[in-house]
1. Between B:Ile29 and residues 5 or more places away or on another chain, which pairs have amide H atoms under 5 Å apart, with H built 1.01 Å from N, and which residues are they?
2. Report, for the protein assembly as shown, the % of DSSP beta bridges that are antiparallel, rounded to 5.
3. Mind sorting B:Val234, B:Val136, C:Val303 by how few other Cβ atoms lie within 10 Å of their own Cβ, fewest first?
4. Stokes-Einstein at 37 °C, 0.692 mPa s, Kirkwood radius from Cα pairs: D for the protein assembly as shown in µm² s⁻¹?
5. Residue-wise, which Karplus ³J(HN,Hα) couplings in Hz belong to segment B:87-100, taking 6.51 cos²θ - 1.76 cosθ + 1.60, θ = phi - 60°, and x for glycine or proline?
6. Among C:Leu67, C:Leu178, C:Leu78, which one moves the most in a GNM of chain C with springs linking Cα atoms closer than 10 Å?
7. Please give the calculated 222 nm ellipticity per residue for the protein assembly as shown, where each DSSP H segment of at least 4 residues contributes -39500 (n - 2.57) and the sum is spread over every residue; nearest 500 deg cm²/dmol?
8. Please go through the residue pairs C:Lys2/C:Lys156; B:Lys5/B:Lys202; C:Lys72/C:Lys263; B:Lys218/B:Lys241 and name each one whose alpha carbons sit more than 22 Å apart in this structure.
Amino acid sequence: MRKLKKSVFENLADGFKWKIETGILLEGDKLPSCRELAMEKGINPNTVQRAYTELEESGYIYTVPKKGVYVCGRKQSGAVRLAKERLEEIKDAGLSKEEAVKILNEVYGGNND
Amino acid sequence: MIEIKNLCKSFGDKKVFDGANITVGDASICGLIGINGAGKSTLLRIIGGVIKPDGGKVTVDGEEVFENERIKSRLFFLADDPYYDTGVTGLKLKELYKTFYPFDDSVFDSYINTFSLDLKKPIRNFSKGMKRQLFVAVALACGPEYLFLDESFDGLDPLARLEFKRGLIALQEKGSTIIIASHSLRELEDICDSFVLIDDSKVKVSGKIEEALDNIFKLQMAFEQDIKPEDLPVRFIRAEKVGRIITAVAKGDKQQVMQKLESLNPVILEEIPMDFEDMFIEEVRKEGYLK
Amino acid sequence: MKKYFIYELKKSSFTIACLSVILTLLYLVILLSTEAGRLGINAYTTYLAVPAYSGAVLAFAVPFRQLDYKMKKRSADLFFSLPLSHSKIIAVKFLTGLIIVFAPYTLSYWLGAFAMMIKTSLPINAVFYIPHFFITLLPLYIVYAVSSFAFTRAGKASDGVLFSAFWMIAPMLAVAVLGSLIKGKPYTDIEGVTYLYDPYFHPEYYSVFSPLSYFTSLFAELISADGYFMDTSSITIANMIVGFALTALMGAGASAGLFIAEKNARFENIEQISDSLFGYKTALPYLTVCLTALCHFAFFLAVFVAVGAFLLTAVYRRTLKIGNKQAIIYAASLTAGIILALICAYVL
């Protein structure tokens, strides 16, 4: 299912997911506190908190009480997630598997027929 | 806590409020939305003690606001087009507010520096945006427990808006409650945790923004057979059909609705995401404002 | 409240200083540019009248500056949301305004008086300056209070100015009409002079400004050391006393009314049509009837009254389509006025 516009907390959460998946944020990296992030972006702290809760529940980050929020470690690669998402869209749009593979080969180059 | 029970207010023959109920909890930032003329400014004036309600109860921390000096010293109402005497400079304006509110000079000065405003110049020479910056600085420096803002984002540049939002968050952290009436729903979505939508002299929807967004959703679907939206097993608040594609808005349990529709083997069934603005349009559209 | 009063005073200090300078200069310029010796007694009247009348102008106009915060939604948004009750705000504004009137008046009065004493060679009973000064404060206050009350009855400032002007002359008009009705009974005074016009009624003593003017004339005579009141008949004195009592009552009523009405002041009336009983509702028929009746000596003047009354109605309703109700009131007042004028001219 596609999602074009997202709510504020989803955008925030997705931003962190992407950074963690692509390795921009590494295991053990400290995230800004809820307050710091709210202040930086001008977003309600409750909304930031909700994004953090969502990230924690899906295992991207963990909270050390009174110390801060840390990255859990690399999850599924961002590229894999992106590829899945895009391919699902393409499939929905009606492209057949054969055609898709053809395009894939063109994009990656080489001669694997 | 702000509690409004069964608020009624008429101006001549025009009923602005007819039994509105609103509760805004402590330390929250609440967005007040509604179409032009819905009564946002009137509501802020009523909670700010400027207008006396005709009926119902308007209380802040359990006390009625109108003509109540004690409660009013804890709240601050910033009008849409704030007043200043002709010839008054920023410094004189500061003096005025200082005589009524606990004024934090350091907060004020820091905003004045950020916005680089000249306090020695008469305010009438300021641009519209600069006036707003000045008044926002005044409001934040007064650090009220209750802050009521009428369209205070308007005319501010993106940087000033960010500063403003930061200021509001800082105020909220100190336990203040803020109500902002605005049409900049994107800004509200960022800064607010709750909202109140006024429509038709009443409160149409209110609550947490995220929950309200979870509760309303828009779907696009098409089926093998040509089905009219009315014949679907789901009650939509609005549906339209173009060719075989049905676009519909529903409220309630998304999972349940999706399950029901999936069982009909749709060719397409997808959710079209809605943000705060979309929600606003859908909520108000039902009432026939937009056709 | 005290803090706010100090703020208002500080904010008005520049205005007070400016007005003081202007009033003093005005007094001195008039004083130095005329030759008191030649003008004799009348000079004192003129010189005393300068501060008195400039004071009256201030007393009439300062309320417009002080109280117009109630006449605009923008300023009411501020003042009604401040943590101070409506009554306290108006009290501060009213008191500050009083100082804006009295401070420049006092200063110009005494500077002028000293200049006068130095300049002129006429005999002077300087001690009478003191009672004159204090006595004029009262009629000045009355003008200020009546103007304040009348002004704030309006929904917007321009209406308010008209209301103030109306109440300044309202009693005078009634007395003039009354005098016209009773004329025709020729009256012969003690000295054998016969008056065709009724001598009991002197409308000129019944405007709210009048006490200031006749107190000033009376004291001019005292100060100029003549020691007697020039041709002041007992009838004139009676008129003065009744006139003063009337304006004093108006002043007291206006002062009380201003604060009582403030309890019911509502934001929603601001900038709306001025529907107060103390405004057009009373002023329009009253003015129409009185002015038409006074046209008894030259009926064609009634045309001007008719046109003026119509225009004022249009100003009141803020449209030229004045509506049935207003049209009836308009026609009825004009008719009543014409009947009174006919009675004045032919019956009595």
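We did not get these values from a lab; they are worked out from the coordinates using the rules stated. Everything numeric in this text was worked out from a predicted model, so none of it was measured. Please note: Cβ atoms are built from the backbone with ideal geometry, for glycine as well, and neighbour counts cover all protein chains shown.
1. Residues meeting the amide H criterion: B:Ile178, B:Asp193, B:Ser194.
2. Values: 46 of 63 bridges.
The antiparallel fraction comes to roughly 75 percent.
3. Values: B:Val234 17, B:Val136 24, C:Val303 10.
If I rank by nearby Cβ atoms, fewest first, I get C:Val303, B:Val234, B:Val136.
4. Values: Rh = 32.2 Å.
Estimated diffusion coefficient is 102 µm²/s.
5. x, 6, 9, x, 5, 5, 4, 4, 4, 4, 5, 5, 6, 10
6. C:Leu78
7. Details: 27 runs with 405 residues, N = 752.
Dividing the helical sum by the residues of the protein assembly as shown leaves -17500 deg cm²/dmol.
8. Values: C:Lys2/C:Lys156 28 Å; B:Lys5/B:Lys202 11 Å; C:Lys72/C:Lys263 18 Å; B:Lys218/B:Lys241 13 Å.
Beyond 22 Å: C:Lys2/C:Lys156.
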